[in-house]
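Worksheet: one structure, shown below.
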Amino acid sequence: MIDLFFDSVLLPTGWARDVRIGVDAGGWITSVQPQSTPRGAQRTPGIAVPGVPNVHSHAFQRAMAGSAEMGSPAGDSFWSWRTRMYAFVRSLTPHDIEAIAAQLFVELLRRGFTSVAEFHYLRNAEDGTPYEDPVEMARRILKAGDATGIGLTILPALYQASDFGGVKPEAEQRRFLNNVESLISDIAILGAEASGSTVRIGLALHSLRAVPGNSLTNAIDAARKMDPNIPIHIHVAEQLREVNRSLSWCGTRPAAWLLDHAPVDKHWCLIHATHIDADEIARIAASGATVGLCPTTEANLGDGIFPFLEYQNRKGIWAIGTDSHVGRGPASELRLLEYGQRLKTLTRNVAAGTQQKSTGRALLDAAWSGGAKASGRRIGSLVKGARADIVILDPNHPALLGLSEDDALDAWIFSGDETPVSDVFTGGNHVVRHGRHVAADNIYASYAAVAQVLAKNI
């Protein structure tokens, strides 16, 4: 057991001074004592807040971030970007995946994400056959998590078709394909080996385009027999073309079809949900599901702008992720989320609404609580029984000078791109010290060797 001591900490009850946090050998918070003394504790100066959960990641895409920005006489869209991604993924090896994921996790931690939900669909070998160990790729993600200290919710994905109605998959999708039986087997294998303190196993349904209705039902039923509270994530209504294809297929919008045919509840996370109408907004909010927003990726891919204000007015739950990792920090995701809404509504401080409240605090409060829910882990709050995931902001950083409490949170989110995160603890382990991850050099060396080879294939 260790005791950590912080001068200023954001607790569920508000800001507190001189806080001593006890952490057991498993990394769980055993006590929180404001107005305490530092005697015998490990003291870290700065402003302490909960680590931010990242609810949507495709780790391998970190290595192609920024490499699909060439214009074309035919125009460019999400669908042409996807073609580039298919080409990129063709030759990735398990070793490559581990190196890429570890570098990504270092970067996420450095900016204040302390856990990540990995939506894992890169399953098979280059020719589409399963590896001898069918969860080889997932194990590499877990090894990267171990090496960096980040918390993980890993979500093996069901992927069977290329379009609504079970259309035969394309050749380029062969590395993603599986069936319900193999998916459930993967979940069982990973679950039997996972450390309950740092890893949570969930279920991903890639999309309604990739998962026929009967398979979706069978996968959910089988997964919930194993774990009634299993986190379930799905891409839905990301692109207008997806909505139009759904309407052509069944006469119903994709989010509405999902709500009509699946037991969507508080254990679900609907990724993107960019193109949803008023009825879908109301139904998603009422279901208790979380919407996983990835603003930098959604902007990069030209997805559109989520109807945040309407959803917020329905008290809908949401969280943030980094998806393709063109952005890799909570501040950049939350800032773009807010700015997109300001441009759309021609107003300011949209997340704060009519409350006299810090916008940065409003955004982070939602990201902490919604992120914990979607991740299926006890994170996002510094209370007894939660994971000791703690981010320290440097009050001497130029963006934060003279600021404290909610004012410092506003500056973190809205004052430029340089992160004021100085230190990070995950499970009580000090993984980022003075702005640098403790394993950064070795991880970078492995990533650099992989990235330079991959760059020739992009």
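The values are calculated or read from the model by the stated rules, or taken from the named source; none is laboratory data. Source: prediction; values computed, not measured. Because the Cβ atoms are built from the backbone with ideal geometry, glycine has one as well, and the counts that use them run over all protein chains shown.
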Wholly within the stretch 389-458, strands (runs of 3 or more DSSP E) carrying at least 2 residues that are over 30 Å from residue 339 (Cβ atoms) and not assigned by TED's automatic domain parsing to the domain that holds residue 84 = 429-433
Of the listed residues (41, 125, 74), the one being surrounded by fewer than 24 Cβ atoms within 10 Å (Cβ to Cβ) and within 21 Å of residue 303 (Cβ to Cβ) is 74
Identify, from the list 115, 91, the residue that is farther than 21 Å from residue 177 by Cβ and either modelled with pLDDT of 95 or more or among the hydroxyl-bearing types (Ser, Thr, Tyr) (or both).
-> 115
For residue 89, work out the one condition from (1) over 30 Å from residue 1 (Cα atoms); (2) surrounded by fewer than 24 Cβ atoms within 10 Å (Cβ to Cβ); (3) within 20 Å of the chain's Cα centre (by Cα) it doesn't fulfil.
-> (3)
Looking at the stretch 326-349, is at least one residue assigned to a helix (DSSP H, G or I), touching a residue at least 24 places away in the same chain (Cβ under 8 Å) and either of a type in the set (Phe, Trp, Tyr) or within 27 Å of residue 229 (Cα to Cα) (or both)?
-> yes
Return the pairs, sorted by first residue and then second, in which the second residue is surrounded by fewer than 21 Cβ atoms within 10 Å (Cβ to Cβ) and among the aliphatic types (A, V, I, L, M), the first residue lies in the stretch 422-433 and is over 14 Å from residue 6 (Cα atoms) and in contact (Cβ under 8 Å) with a residue 12 or more places away in the chain, the beta carbons are less than 7 Å apart, and the residues are 6+ apart or on different chains.
-> 431/438
State whether the residues of the stretch 136-149 include one that is part of a loop (DSSP other than H, G, I, E, B), surrounded by fewer than 23 Cβ atoms within 10 Å (Cβ to Cβ), out of contact with any helix residue (DSSP H, G or I) (no Cβ under 9 Å at 6 or more places or on another chain) and not assigned by TED's automatic domain parsing to the domain that holds residue 426.
-> no
For the stretch 6-26, the count of residues that are closer than 26 Å to residue 329 by Cβ and either surrounded by fewer than 20 Cβ atoms within 10 Å (Cβ to Cβ) or assigned by TED's automatic domain parsing to the domain that holds residue 120 (or both) equals 6
Residue 424 is checked against (1) closer than 27 Å to residue 64 by Cβ; (2) touching a Phe, Trp or Tyr at 6+ places or on another chain (Cβ under 8 Å) and fails just one. What number does that condition carry?
-> (2)
Considering 118, 107, 126, 132, which residue is in the same structural domain as residue 257 (by TED's automatic domain parsing), among the charged types (D, E, K, R) and assigned to a helix (DSSP H, G or I)?
-> 107
Do we have any residue at all in the stretch 109-121 that's aromatic (Phe, Trp, Tyr) and either more than 23 Å from residue 445 (Cβ to Cβ) or surrounded by fewer than 21 Cβ atoms within 10 Å (Cβ to Cβ) (or both)?
-> yes
List the pairs whose first member sits in the stretch 156-174 and is in the same structural domain as residue 235 (by TED's automatic domain parsing) and in contact (Cβ under 8 Å) with a residue 24 or more places away in the chain, whose second member is surrounded by fewer than 15 Cβ atoms within 10 Å (Cβ to Cβ) and charged (D, E, K, R), and whose Cβ atoms are under 7 Å apart, counting only residues at least 6 apart or on separate chains?
-> 162/168; 162/170
Going by the conditions given, is residue 399 among the small types (Gly, Ala, Ser) and either surrounded by 22 or more Cβ atoms within 10 Å (Cβ to Cβ) or under 19 Å from residue 431 (Cβ atoms) (or both)?
-> no
Kindly provide the set of residues from the stretch 350-372 that are surrounded by 16 or more Cβ atoms within 10 Å (Cβ to Cβ), not in a helix (DSSP H, G or I) and not aliphatic (A, V, I, L, M), ordered by number.
-> 358
Is there a residue being within 16 Å of residue 117 (Cα to Cα) and of a type outside the set (Val, Ile, Thr) anywhere in the stretch 296-316?
-> no
Do we find a residue being in a helix (DSSP H, G or I) and touching a strand residue (DSSP E or B) at 6+ places or on another chain (Cβ under 7 Å) anywhere in the stretch 375-388?
-> yes
Exactly one condition in (1) over 22 Å from residue 364 (Cα atoms); (2) touching a Phe, Trp or Tyr at 6+ places or on another chain (Cβ under 9 Å) is not met by residue 2; state its number.
-> (2)
Over the stretch 196-215, the set of residues assigned to a helix (DSSP H, G or I) and within 19 Å of residue 374 (Cα to Cα) is none
Of the residues in the stretch 28-75, how many are in a loop (DSSP other than H, G, I, E, B), in the same structural domain as residue 432 (by TED's automatic domain parsing) and out of contact with any Leu (no Cβ under 9 Å at 6 or more places or on another chain)?
-> 7
